[in-house]
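The values are calculated or read from the model by the stated rules, or taken from the named source; none is laboratory data. Predicted model, so just to flag it, every value in this text is computed and none were measured. Here the Cβ is made from the backbone with ideal geometry for all residues, glycine too, and neighbour counts use every protein chain on show. Accessible surface is based on the protein model in full, side chains and every heavy atom, while ligands, DNA and RNA are left aside. Shrake-Rupley method; radii C 1.70, N 1.55, O 1.52, S 1.80 Å.
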Amino acid sequence: MTVVRTQAVDAAHAEGYRGTFAAGQSPLTASGALPPAWEGILFPFAVPFADLRPDGTPARDGILPEIDLPRRMYAGEDTVFEAPLRIGDDVTQAARAGTLTEKSGARGRLVFADIERTFAVGGRVVARSTWHDVFLGAADGPPRPPRIDSAAVADADWIELVHLDARYLFRFSALTGNTHLVHYDRRWAQDVEGLADLLVHGPLLRILMADAARRHAGGRRMTALSVRMTAPAFVDTDIRLCGSAEASRVLAVGPGDEVLATAEIAFSDAGAF
């Protein structure tokens, strides 16, 4: 089933993100281009409360079938940017289920689920995205050790530091209608999900990595972004965004040199949107 929604690209909504997470960027003006990856703040989760799972994530959203595993996590996203979204545009999102793959891991059953989305303005598709989620069984012990890569920091051509406290997590949850308890209920995050602390939103880390890459891209236009989450990123920790000279690769690295996420980015020399 395809779920179609239409929303205006509202300056106040974009300013809510910019003023919190990108204060160094100039405010967007009427008809100004929304930076690539900022489409991630559009179309907040909107399922009725009765259709939420106990963890606060959607159970019945009209897109994915209901999956009988208790935990749901964002695993990454692949996006192609064909043209800019602009302040004032009426954008239509069409979302449908993509590939669903069931696997058996060391800790039991997993279901990987893709959501394929297009964003169109005036009938023209301006961005295409495949959102990756993973459904997991109940937490039954400490998470597997993350991949450590000390060279990621040592070899980086540039590094930007991000430190997110609970206020930032609340702001992003409010901007995106995200009711997943791991982002604001410490008891749930630790006692039920087995996490060390509140979890930083994967979609937020995606935008922050894209924003950092744009700042080091020399005015080139971002045309594609592929992000994979590899370990939990936690509130109140230093997250280093480590990039290559041409800004085509960014790693998010935690305080113990654990790799939290990777971003592969393509640019065009045609200039920024």
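Among the listed options [x] 19.5, 67; [y] 18.1, 52; [z] 24.8, 92, the one matching Rg and Dmax of the Cα atoms in Å as calculated from these coordinates is [y].
Computed on protein heavy atoms with a 1.4 Å probe, the accessible areas place Ser248, Ser26 in the order Ser26, Ser248, largest first.
Magnitude of the charge dipole for the chain, about its Cα centre and with charges confined to Cβ atoms of Lys, Arg (+1) and Asp, Glu (-1), is about 300 debye.
Taken over the alpha carbons of segment 1-133 as equal point scatterers, the Debye sum produces base-10 log I(q)/I(0) values at 0.12, 0.13 Å⁻¹ of -0.55, -0.63. At q = 0.25 Å⁻¹, work out log10 I(q)/I(0) for segment 181-273 with the Debye formula, treating every Cα as an identical point scatterer and leaving solvent out; two decimals please. Log-scaled intensity ratios, in q order: -1.19. Using only side-chain charges placed at the Cβ, +1 for Lys and Arg and -1 for Asp and Glu, the dipole size of segment 59-196 relative to its Cα centre rounds to 300 debye. Building the convex hull from the alpha-carbon atoms of segment 1-69 and averaging its projection over directions returns 6.4 nm². Each Lys or Arg adds one and each Asp or Glu subtracts one; over the other residues with Cβ under 10 Å from the Cβ of Ala247, this totals +2.
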